[in-house]
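The values are calculated or read from the model by the stated rules, or taken from the named source; none is laboratory data. From a predicted model like this one, the values you see are computed outputs, not experimental measurements. Backbone-built Cβ (ideal geometry, glycine too); neighbour counts: all protein chains shown.
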Amino acid sequence: MLDIDICQHARLSRDARFDGKFYTAVLTTGIFCRPVCPARPPNPENVRYYKSAELAQNSGFRPCKRCFPELAPAPLLPEKIKRLVQSYYENNNSISQCAKQQQVSERQLHRLFVQYYGLAPSEFFHQQRLLQARKLLTTTNLSMTNIAYAAGFNSVRRFNEVIKKAYTATPSEIRGKKLSQENVETQSSSTLNTKNRVTILLPYRPPFDWPLMLNFFRFRQISNIENVTDTEYCRSFILENCHGWFKVSQPLDNQNYKTKHALQLTVSMNDFSYLNQVITRVRKMFDLDADMLLIHQQLNAHPVLNTVIEQHPGLRLPGCWNIFEFSIRAILGQQISVKAATTLAQRIAEKYGGDVELTQSPYVDMSKHFPTPEQLRQVDYSDIGLTQSRIATLQRWVDFYLLTPDVFSKSASIETLEKTLTQLKGIGPWTVNYIAMRGLSDPDAFPSADLGIIKALTVNDERPNNKTILTTAQQWRPWRAYAAVYLWQSLAIDSSSSTKNSIYKHKKEK
Ligand SMILES: [Zn+2]
């Protein structure tokens, strides 16, 4: 699978674009490294390449203390396997529950893990827990108990045993007497009690345009829940009984190889066993696992997309924090501008959302969470400013969701999802594809009836019809969602800055 010549060239040139795509294990020292490791490169006859850190570690190698393989970006994997990993963490780290939710047999699940990670699911998650624990031990001030739960262990005792066996060192020994300043990523000058708070790096493969991503979220911000500035994204959240807030920004010192291609995530929460869920959601939200070079290769041939790629090579696919919240926002966004839809979402959040208990929140007014499906059960949406038919669609959708809460995790393809959801009056293909694109981060979803897309593909006042658009989009598969984002951006490049905010007018759904 791995091309030895490419790996060799990438590690010798310390090419950041290959970071996370493979690991170099050194036979003489027993350690494994990222391609960007600053240490002197070992001789070719002494190395072996692995496609994941989990596999390298499972083969008996230990993570390098200079380049921290546990800090590398995620490997490139199909949506299906990413969904399985996310589902595992969302189902109490249970392989059987994860298989059940994703409607695959445990045997199929096993086969997929062996195919993509070279490891059985149990081995893979075991290695992932070890790497996560090591990362938290060496780079944060989090207490041992919180690290044990955050890494996915059931008890502190088990955590101590497993770590000692794997690394022949106790957790305290791995942490060292004092965290060296270089390794502590917490760069806030705050001296607040950080017991319930952790700051970790979220690496990505360049290019990544953080200001453009922030801009997208700022324009859609629901205050009381989110706070988006020029430099950071912040929001409060609840996940079952866990509540807290998180902040994402660029590391202040982003000049070294560890922080150069990474965002910095600070999370405050009352239950750290949810940390992996938060990380997975945030990575999806800001599209940190994408390989832009691969995507650009496919989309470059189209002149409109090519112009956008040249001007904004780091433009990615903005996702969402919560799929239910996003589905409501997608329905509200039918036929109206983003600004108007955001105002409506804000009113719904204010009227029906719950309160979040926050400790040490950087923003006092970020104290609400978006209403849960239960909180929107049988509400009348009066005084929100919605039409009767839109209210009816929302009510139908919430009723349906309450009866079928696993509709998104169950639907294997956009086609299946489209078939299921368009049976509800008021929800058409545009809404389903928009939900799949931003809500599920499906890279191939494509809201072909979107007015912005039609406008971007209009040449000499000749509007393409839906069939033509879908035919053109065939060549963009499996990255049509990125094509959609680039087409929207092409309108922003074309129009003057005063009108660019009004480009996202959406198609009416019947
Ligand atoms: Zn190294």
Quick check on Pro63: is it in contact with a helix residue (DSSP H, G or I) (Cβ under 6 Å, 6 or more places away or on another chain) and crowded, with 21+ Cβ neighbours inside 10 Å?
yes
If a residue must be in a helix (DSSP H, G or I), over 18 Å from Arg281 (Cβ atoms) and under 22 Å from the mean Cα position of the chain (by Cα), how many such residues does the range 394-426 contain?
4
Note on the range 96-141: residues in contact (Cβ under 8 Å) with a residue 40 or more places away in the chain and more than 23 Å from the chain's Cα centre (by Cα) are Gly118, Leu119, Glu123, Thr138, Asn141
Given (1) in contact with a strand residue (DSSP E or B) (Cβ under 6 Å, 6 or more places away or on another chain); (2) assigned to a helix (DSSP H, G or I), where does Leu358 come up short, assuming only one miss?
(2)
Please verify whether the range 92-106 includes one or more residues that are under 24 Å from Asp442 (Cα atoms) and within 16 Å of the ligand (Cβ to nearest atom).
no
Count of the range 290-314 residues which are part of a loop (DSSP other than H, G, I, E, B) and of a type in the set (A, V, I, L, M, F, W, C)
2
Six or more apart or on different chains, Cβ under 8 Å: which pairs go from a residue in the range 150-167 that's assigned by TED's automatic domain parsing to the domain that holds Glu123 to one that's crowded, with 17+ Cβ neighbours inside 10 Å and not in a helix (DSSP H, G or I)? Could you list them?
Ala150/Leu142; Ala150/Val198; Phe159/Ala151; Phe159/Phe153; Val162/Phe153; Tyr167/Arg62
Would you confirm, using the coordinates I've provided, whether Arg83 is among the charged types (D, E, K, R), surrounded by fewer than 23 Cβ atoms within 10 Å (Cβ to Cβ), in contact (Cβ under 8 Å) with a residue 24 or more places away in the chain and touching a Ser or Thr at 6+ places or on another chain (Cβ under 8 Å)?
yes
So is Leu84 more than 10 Å from the ligand (Cβ to nearest atom), in the same structural domain as Ile163 (by TED's automatic domain parsing) and farther than 23 Å from Ile163 by Cβ or not?
yes
Glu70: passes all of (1) within 14 Å of the ligand (Cβ to nearest atom); (2) free of Cβ contacts under 8 Å to residues at least 24 places away in the same chain; (3) of a type in the set (Asp, Glu) but (2)
Among the numbered criteria (1) part of a helix (DSSP H, G or I); (2) among the hydroxyl-bearing types (Ser, Thr, Tyr); (3) buried (at least 21 other Cβ atoms within 10 Å of the Cβ), which one does Thr280 miss?
(3)
Go through the residues of the range 10-19 one by one and say whether even a single one is more than 18 Å from Pro206 (Cα to Cα), within 14 Å of the ligand (Cβ to nearest atom), under 27 Å from the mean Cα position of the chain (by Cα) and surrounded by 14 or more Cβ atoms within 10 Å (Cβ to Cβ).
no
When only residues in the range 427-450 that are more than 12 Å from Ala484 (Cβ to Cβ) and of a type outside the set (Gly, Ala, Ser) count, which is surrounded by the fewest Cβ atoms within 10 Å (Cβ to Cβ)?
Pro429
Please work out if Ile222 is crowded, with 17+ Cβ neighbours inside 10 Å, touching a Lys or Arg at 6+ places or on another chain (Cβ under 9 Å) and part of a loop (DSSP other than H, G, I, E, B).
yes
Among the residues of the range 357-365, is there at least one that is touching a residue at least 60 places away in the same chain (Cβ under 8 Å) and in contact with a Lys or Arg (Cβ under 7 Å, 6 or more places away or on another chain)?
yes
In the range 427-485, how many residues are at positive phi and either outside any loop (DSSP other than H, G, I, E, B) or of a type in the set (D, E, K, R) (or both)?
1
Hey, any hits in the range 21-30 for a residue that's under 30 Å from Asp444 (Cα atoms), away from the ligand (no atom under 16 Å from the Cβ) and not assigned by TED's automatic domain parsing to the domain that holds Leu130?
no
Please verify whether the range 41-61 includes one or more residues that are touching a residue at least 12 places away in the same chain (Cβ under 8 Å), in contact with an Asp or Glu (Cβ under 6 Å, 6 or more places away or on another chain) and within 15 Å of the ligand (Cβ to nearest atom).
no
I'd like to check something: does the range 402-416 contain any residue that is touching a Gly at 6+ places or on another chain (Cβ under 8 Å) and modelled with pLDDT of 95 or more?
no
Go through Tyr274, Tyr257 for me and flag whichever is assigned to a helix (DSSP H, G or I), over 30 Å from Arg480 (Cβ atoms) and outside the structural domain of Glu90 (by TED's automatic domain parsing).
Tyr274
